[in-house]
Amino acid sequence: MSSLKETLREKIEAHRPRTQKLLKEHGHVVIDKVTIEQAIGGARDVRCLVTDISYLDPMEGIRFRGKTIPETFAALPKPPGCDYPSVEAFWYFLLTGEIPSEQAVKEVRDDFRERSRVPNYVFDTLRAMARDSHPMALLSAAILSMQRESVFVRRYNEGMRKAEYWDPMYEDSMNLLAKLPQIAAYIYRMKYKGGAIIPPEPDLDMGGNFAHMMGIPKPYDDVARMYFILHSDHESGNVSAHAVHLVASTLSDAYYAFSAGLNGLAGPLHGLANQEVLMWIQNLMKEMGGKVPSREELKKFLWDTLNGGRVIPGYGHAVLRITDPRYTAQHDFALKHMPDDPMFQLTNLIYEVAPGVLREHGKAKNPWPNVDSASGVIQWHYGVTQYDFYTVLFGVGRALGTLANITWDRGLGYPLERPKSVTTDMLEEWAAKGGRPMK
Ligand code: HAX
């Protein structure tokens, strides 16, 4: 090992007990307005972000513009013969808080269609990347490659007034959203279907067109609508939403900002968990010789995972303290359309057993399933068995919430985000004094 790396390793190991002591013995000590635990621990529960687009209640789950998931599904217009609202209607609702008329939804759809042509260089970029690149790296790079299209940048360079900033942010967001499903489907077909690309069908709504470009028949169009809506927004503090907001706060454009959010979403503690769930479930099935395990066998597998120092993927949440209503919505879909699917049945068994094991384990604050617990199982059922693609689907949905948020950020003139950091020495000094008053 190089002396640089060896010295660094020694420093990290020597420093770790200081951080652990601060957390254990002085975590409750208040510095200015937050505790030492919050300063070290990822700003948990610090109320310092504002959004009116969605709110996450720990005991109730997400509300989009004040409506729960079932209320949102019930209130918004649906394409004929479909069970779920169109993504276009939902986007209108997220941006404005109003339920759009059929005519307003049609106008959004027409507008998306006008903006939907993906520049050829995006496909060239995707094809030029190594074939074993993760689909999230492909998606993020594709978005970034389109940065040159930014209307915000052009108008900013022309000297637009601050009060107008939201307008080109809206234009960039619309342009990006209109192209995103095609880019995602292209990545899928390029990577897993031998490059047999299916051209878009412009008369379909976004969910329908996505299913068409993926090459998957009904009811996958409804899976797409449900999936994009459920994954759209989870208030502002989660990593992908926060990364988009943070980057956009520099007046960086929607392409830079959304690409950054996707990079955060690609982490195993966030959006990548849906891929991890599937891998974990398949390992379990493999160990059981392909059959659904008994409760006892499952319990042992759960404990083996925990004792191996790994997390149970798809369980736990930083804010929620109940079963995630996004899990429930997907469970309801699966119950209607695929009740006999063995992996769905296994998901149900895990739901019965895992919370008890996690409680006994005693670490996770929330032993209940999150959004990622059932989503991969539905994709698998409809033939999307390439689980490293699942986070791309999450990313397409997440565009709706994050782009709505940064459009409003610019509308309200939210400033550059810049929290203050302190050193470990300072924390130890304030801990010894019992705190640091606001100055
Ligand atoms: N299995 C085992 N241990 C878990 C756990 C799980 N599912 N969930 C939490 N814990 C552990 C944590 O690792 C932590 O342990 P340490 O003290 O040793 O670090 C302890 O319990 C306390 O964690 P917490 O406060 O309950 O949870 P966090 O807010 O720190 O983390 C996570 C929230 C979602 C990241 C966490 O529950 C987790 O790792 N879950 C599994 C991965 C997962 O499903 N991620 C997707 C989350 C949904 C999402 O955002 N999707 O995008």
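The values are calculated or read from the model by the stated rules, or taken from the named source; none is laboratory data. Since we're looking at a predicted model, the values are computed, not measured. Don't worry about glycine lacking a Cβ; one is built from the backbone with ideal geometry, like all the others, and counts go over all protein chains shown. Heavy atoms of the whole protein, side chains included, go into the accessibility calculation; ligands, DNA and RNA do not. Shrake-Rupley method; radii C 1.70, N 1.55, O 1.52, S 1.80 Å.
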Starting at the first residue of the range 159-164, write each ³J(HN,Hα) from the Karplus equation 6.51 cos²θ - 1.76 cosθ + 1.60 with θ = phi - 60°, in whole Hz, x for Gly and Pro.
x, 5, 7, 4, 5, 8
Surface per residue (accessible, 1.4 Å probe) for the range 380-439, Å²:
49
For the range 79-89, Karplus-derived ³J(HN,Hα) couplings (6.51, -1.76, 1.60; θ = phi - 60°; whole Hz; x for glycine and proline) come out as x, x, x, 10, 8, 10, x, 6, 5, 4, 5
Report the semi-axes of the equivalent ellipsoid for the chain in whole Å, largest first, where each axis is √(5λ) for an eigenvalue λ of the Cα gyration tensor.
35, 30, 22
With every protein chain in place, the range 208-282: carbon and sulfur % of accessible area (1.4 Å):
65
Give the residue list of trypsin sites (Lys or Arg not before Pro) in the range 143-203 that are DSSP loop and have at most 11 other beta-carbon atoms within 10 angstrom.
ARG161
10 Å Cβ shell holding at most 16 others, DSSP loop, GluC sites (Glu not before Pro): longest site-free stretch of the chain
159-416
Through the Karplus equation 6.51 cos²θ - 1.76 cosθ + 1.60, θ set to phi - 60°, convert the phi angles of the range 222-233 into ³J(HN,Hα) values in whole Hz; use x for Gly and Pro.
6, 4, 4, 4, 4, 5, 5, 5, 4, 8, 5, 8
In debye to the nearest 20, how big a dipole does the chain give about its Cα centre with +1 on each Lys and Arg Cβ and -1 on each Asp and Glu Cβ?
1060
Normalise the Debye intensity by I(0) for the range 324-367, one equal point scatterer per Cα, no solvent, then take log10 at q = 0.20 Å⁻¹ and round to two decimals.
-0.70
If each K or R counts +1 and each D or E counts -1, the residues other than GLN182 whose Cβ falls under 13 Å of its Cβ total +4
Among GLN182, SER101, GLY159, the residue whose Cα sits farthest towards the positive end of the charge dipole of the range 82-202 (+1 at Cβ of Lys and Arg, -1 at Cβ of Asp and Glu, taken about the Cα centre) is GLN182
Keeping all protein chains in place, calculate the accessible area per residue for the range 1-150 (probe 1.4 angstrom), answer in Å².
58
Shape call, the range 183-294: gyration tensor on alpha carbons, a/c limit 1.5
oblate
What are the semi-axes of the equivalent ellipsoid for the range 1-136, taken as the square roots of 5 times the Cα gyration tensor eigenvalues, largest first, in whole Å?
45, 29, 12
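Rounded to a whole number, what % of the accessible area of the range 299-371 do carbon and sulfur atoms account for, probe 1.4 Å?
Whole-percent figure for carbon plus sulfur exposure: 54.
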Rolling a 1.4 Å sphere over the protein heavy atoms, what is the accessible area per residue of the range 194-303, to the nearest Å²?
38
Amide hydrogen neighbours beyond the local backbone of ARG436, cut-off 5 Å, H modeled:
VAL30, ILE31, ASP32
Specify whether the C-alpha gyration tensor of the range 280-356 places it in the rounded, prolate or oblate class, a ≥ b ≥ c being the square roots of the eigenvalues: rounded for a/c under 1.5, otherwise prolate if a/b is larger than b/c and oblate if not.
oblate
